[in-house]
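A.B. asks: Once you've had a glance at the structure underneath, I'll fire off some questions.
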Amino acid sequence: MGFIHCSQAEQVAGVHERFYDGVDEQLLLLVIDTDRLTAPWQLDDVPGHALPFPHVYGPLNVEAVVSAEPFRSSASS
């Protein structure tokens, strides 16, 4: 089964730095209300990381997205 890899607020900058730093296109930061998800989700430990990462195990329903804003890394501010 596939999943959508998400991040807790404290993890966003590190994920951006590791995987998206060289991306030229504008990225969007989606804020998801887990109480509104129709697919199951859970926090999963990822080796080498102090905090578990949230994963959504199914499609992301639009009603669960409470905001979508252009992402601006702290390095580009």
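A.B. asks: Cβ contacts < 6 Å: first residue at pLDDT below 95, restricted to the range 32-48; second residue part of a strand (DSSP E or B), any location; separation 6+ or different chain. Result?
C.D. replies: Partner pairs satisfying both residue conditions: V46/F53.
A.B. asks: Ok, one more. State all residues of the range 18-35 that are charged (D, E, K, R) and within 18 Å of E69 (Cα to Cα); if no residue qualifies, say none.
C.D. replies: D21, D24, E25, D33
A.B. asks: Can you pull out every residue in the range 16-39 that is in contact with a strand residue (DSSP E or B) (Cβ under 8 Å, 6 or more places away or on another chain) and either more than 23 Å from S73 (Cα to Cα) or not polar (S, T, N, Q) (or both)?
C.D. replies: L27, L28, L29, L30, V31, I32, D33, T34, R36, L37, A39
The values are calculated or read from the model by the stated rules, or taken from the named source; none is laboratory data. Just so it is clear, the structure is predicted and the values come from calculations on it, not from any experiment. Cβ atoms come from the backbone with ideal geometry, glycine included; neighbour counts cover every protein chain shown.
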